[in-house]
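Heads up: the structure comes next, in structure tokens.
A short reminder: the numbers here are calculations on the coordinates, not readings from a lab. Keep in mind that this is a model prediction, so the values were computed, not measured. Positions of Cβ are generated from backbone atoms using ideal geometry, with glycine treated the same way; all protein chains shown enter the neighbour counts.
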Amino acid sequence: MRYFRVFVLFTLLLPESAPESLPTGWKVVKDPKGACQITVPEAWDSPSDQASWAVLRDATTAIAVVTSQPGQVFKPLPESLLKMMGIPKERIFENSAKRLYYQDRTATHSSDTNAFSVMVPGKAGTCSSRVVFLSEVSEETARKIVLSVGPVLE
């Protein structure tokens with residue numbers, strides 16, 4: 001829960017990375033404001049393309065969320081803030097003007113979840129995504145989802 005609160009806090013503090021092209025058999029999920037989007041595999045369920053989330057079977061297996069923070073300026077996080085978040089350096093994959101990408105939860109048992117978080121510049125603010133998943137979901141799939149975050153394509 002602490003990591004989720006920290007993620008939400010930093011999404012509010014944190015502008016233009018386009019998501020990669022839509023993989024075959026994947027679909028777009030947008031945030032309710034229609035500003036940001038992610039892509040998920042076709043097997044993932046979402047009540048609509050603007051529901052801001054999708055799940056694999058149910059939220060306890062895997063959930064992917066996309067949010068937008070209009071007006072929030074995106075910039076890399078200072079080292080002191082990353083240290084305060086308690087995320088080991090080896091789990092911070094990118095902290096640049098293009099993207100903040102890290103793993104904020106690592107499973108120690110098969111019943112534990114993993115989680116990736118990404119924030120990128122949007123058209124008029126910041127786009128964010130978080131994917132929480134059990135080990136039965138491949139890490140590669142979770143990475144593809146979270147790294148697909150970006151502004152809605154026109």
Sequence order, region 136-146: Karplus ³J(HN,Hα) from phi using 6.51 cos²θ - 1.76 cosθ + 1.60, θ = phi - 60°, Hz rounded, Gly and Pro as x, gives 5, 8, 5, 4, 4, 5, 4, 5, 4, 5, 5
The ³J(HN,Hα) series, computed from each phi in region 77-83 with the Karplus coefficients 6.51, -1.76 and 1.60 at θ = phi - 60°, rounded to the nearest Hz and given as x for glycine or proline, is 8, x, 3, 5, 6, 4, 5
Cα-based Rg/(2.2 N^0.38 Å) for the chain, rounded to two decimals, is 0.96
For region 33-84, the Kirkwood Rh over every pair of distinct alpha carbons, in Å, works out to 13.2
Computed for the chain: size of charge dipole around the Cα centre, +1 on C-beta of each Lys and Arg, -1 on C-beta of each Asp and Glu, debye to nearest 20, value 500
